[in-house]
Amino acid sequence: MRDRASLKIALVGMEELPALTALRLRQAGFAGARALEGLRGLALLRKIRNYDVVHAVYPIYYIKWVPAFKAARKKVVFHWIGSDWYGLSGRPLTRVMLRSFRAGVDLHIADAPWLVDDLAAQGFRARLVPTISENMGGQLESMPSRFSVMAYLPDRRRDFYGWPVIKLIAERLPSLEVVAVGGGREVGAPDNVRFTGLVDGEAMGRLYCEVSALVRPTSHDGLSQMVLEALLRGRQVVWSREFPFCIRAVAPDEFVAAVAALASSCPQNVEGSRYVAEHYSVQAATHALAAAYRDLGIV
């Protein structure tokens with residue numbers, strides 16, 4: 001068995017996630033965790049010679065490299081965040097490779113409970129490790145005097161983030177203000193939808209204080225930082241996912257009904273704030289990551 005501090009872990013994957021996960025590993029005592037940025041193919045294979053573990057966050061690209069990683073005698077960790085796993089439905093060849101190389105993946109990690117379940121349904125046992133950003137924060141805040149809701153509507157993939165449902169809510173409840181963050185105004189949007197564009201963390205903190213609830217009608221989703229931040233601040237959340245202290249809605253009319261009910265009575269979500277503070281902290285994430293790594297059998 002190896003000491004945590006001596007284990008060398010190469011983090012690869014999408015955008016800032018390898019660096020964030022490497023940080024969480026170091027916080028858990030794995031001092032040799034490092035993000036390898038901008039490396040693919042043979043350059044990556046050369047670089048990982050000096051590492052014991054290859055940990056791929058958003059692992060779709062790295063599935064085809066599993067035989068090479070194993071030939072180099074590396075432990076392999078696949079870390080799923082949601083869009084990667086669900087994206088496999090449109091990649092039949094990649095799905096075949098994942099099944100073919102399944103014995104070469106030593107540990108699967110998923111960042112949401114339903115993702116653990118979805119992986120299990122396909123025969124992959126995954127450990128739950130929430131992804132907690134360094135930018136995530138917030139605490140219980142008093143509720144605003146006027147009821148309004150927030151939705152995430154970036155310029156790209158608006159239908160994925162539920163624009164048709166948000167538009168329906170705004171149309172059915174014309175006295176309601178909907179604060180849409182993440183992108184510019186949509187042509188034909190109801191007048192009661194206020195588009196903020198891209199905002200920084202400080203501005204987001206102010207916006208959370210202005211609204212009473214977050215509405216998130218995604219067709220599928222990983223662990224949403226916005227949901228966690230809204231709950232931390234004591235906001236109600238209407239989400240298409242089953243999650244503690246959230247109101248679940250699936251059909252468009254269910255979202256409308258849930259928001260209408262909250263417009264009549266929207267208490268501060270104290271229990272939701274406590275739950276997230278306890279279970280989705282940096283400490284909880286590092287503890288879960290360390291526990292998952294014990295499944296590798298080398299620490």
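The values are calculated or read from the model by the stated rules, or taken from the named source; none is laboratory data. This one's a predicted model, so the numbers in the text were calculated from it and none came from an experiment. Glycine gets a Cβ as well: all are built from the backbone with ideal geometry, and neighbour counts include every protein chain shown. In case anyone asks, the SASA skips ligands and DNA or RNA and just uses the protein heavy atoms, side chains included. Shrake-Rupley method; radii C 1.70, N 1.55, O 1.52, S 1.80 Å.
Confirm whether V282 is touching a residue at least 24 places away in the same chain (Cβ under 8 Å), over 17 Å from the mean Cα position of the chain (by Cα), within 30 Å of R2 (Cα to Cα) and open to solvent by 10 Å² or more (accessible area, probe 1.4 Å).
No; evaluated as a whole, the condition is false for this residue.
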Legend entry - Near pairs, Cβ below 8 angstrom, 6+ apart or cross-chain, from the stretch 126-141 (closer than 20 Å to V77 by Cβ) to any residue that is assigned to a loop (DSSP other than H, G, I, E, B) and of a type outside the set (A, V, I, L, M, F, W, C): L128/D111; V129/D111; P130/D111; P130/Y280; T131/D111; T131/G222; I132/Y280; I132/S281
Inset, instruction - Scan the stretch 227-268 residue by residue and report those that are open to solvent by 10 Å² or more (accessible area, probe 1.4 Å), touching a strand residue (DSSP E or B) at 6+ places or on another chain (Cβ under 9 Å) and not hydrophobic (A, V, I, L, M, F, W, C). - result: E229, Q236, S240, R241, E242, R248, E254, P267, Q268
Inset, instruction - May I ask you to list pairs of residues, at least six apart or on different chains, whose Cβ atoms are under 9 Å apart, with the first in the stretch 178-206 being in contact (Cβ under 8 Å) with a residue 24 or more places away in the chain and the second being aromatic (F, W, Y) and part of a loop (DSSP other than H, G, I, E, B)? - result: G182/Y161
Inset, instruction - Run G205 past the list (1) at pLDDT below 95; (2) open to solvent by 20 Å² or more (accessible area, probe 1.4 Å); (3) within 28 Å of L20 (Cβ to Cβ) and report the number of the one that doesn't hold. - result: (2)
Legend entry - Residues being among the β-branched types (V, I, T), closer than 23 Å to L231 by Cβ and open to solvent by 10 Å² or more (accessible area, probe 1.4 Å) - total across the stretch 173-200: 2
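Taking I132 as the residue in question, decide whether it is hydrophobic (A, V, I, L, M, F, W, C) and either open to solvent by 20 Å² or more (accessible area, probe 1.4 Å) or more than 30 Å from A288 (Cα to Cα) (or both).
Details: hydrophobic (A, V, I, L, M, F, W, C): yes; either open to solvent by 20 Å² or more (accessible area, probe 1.4 Å) or more than 30 Å from A288 (Cα to Cα) (or both): no.
Against the criterion (hydrophobic (A, V, I, L, M, F, W, C) and either open to solvent by 20 Å² or more (accessible area, probe 1.4 Å) or more than 30 Å from A288 (Cα to Cα) (or both)), I132 does not qualify.
Do you know which residues across the stretch 208-221 are buried (at least 17 other Cβ atoms within 10 Å of the Cβ) and out of contact with any Pro (no Cβ under 9 Å at 6 or more places or on another chain)? Spell out how you get there, then give the answer.
At the first step, the residues of the stretch 208-221 found to be buried (at least 17 other Cβ atoms within 10 Å of the Cβ) are 208, 211-218, 221.
Answer for the stretch 208-221, where residues must be buried (at least 17 other Cβ atoms within 10 Å of the Cβ) and out of contact with any Pro (no Cβ under 9 Å at 6 or more places or on another chain): Y208, A213, L214, V215, R216, T218, D221.
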Legend entry - Subset of the stretch 139-172 (residues that are over 28 Å from R274 (Cβ atoms), assigned to a loop (DSSP other than H, G, I, E, B) and open to solvent by less than 40 Å² (accessible area, probe 1.4 Å)): L153, P154, R158, F160
Legend entry - Long-range neighbours under 8 Å by Cβ, at least six apart or interchain, first residue under 23 Å from A284 (Cβ atoms) and assigned to a loop (DSSP other than H, G, I, E, B) within the stretch 102-116, second at pLDDT 95 or above and open to solvent by less than 20 Å² (accessible area, probe 1.4 Å): D111/H79; D111/W80; D111/V129
Inset, instruction - Go through the stretch 105-121 residue by residue and tally those that are open to solvent by 60 Å² or more (accessible area, probe 1.4 Å) and either charged (D, E, K, R) or at pLDDT below 95 (or both). - result: 1
Inset, instruction - Answer yes or no as to whether S224 is open to solvent by 10 Å² or more (accessible area, probe 1.4 Å) and small (G, A, S). - result: no
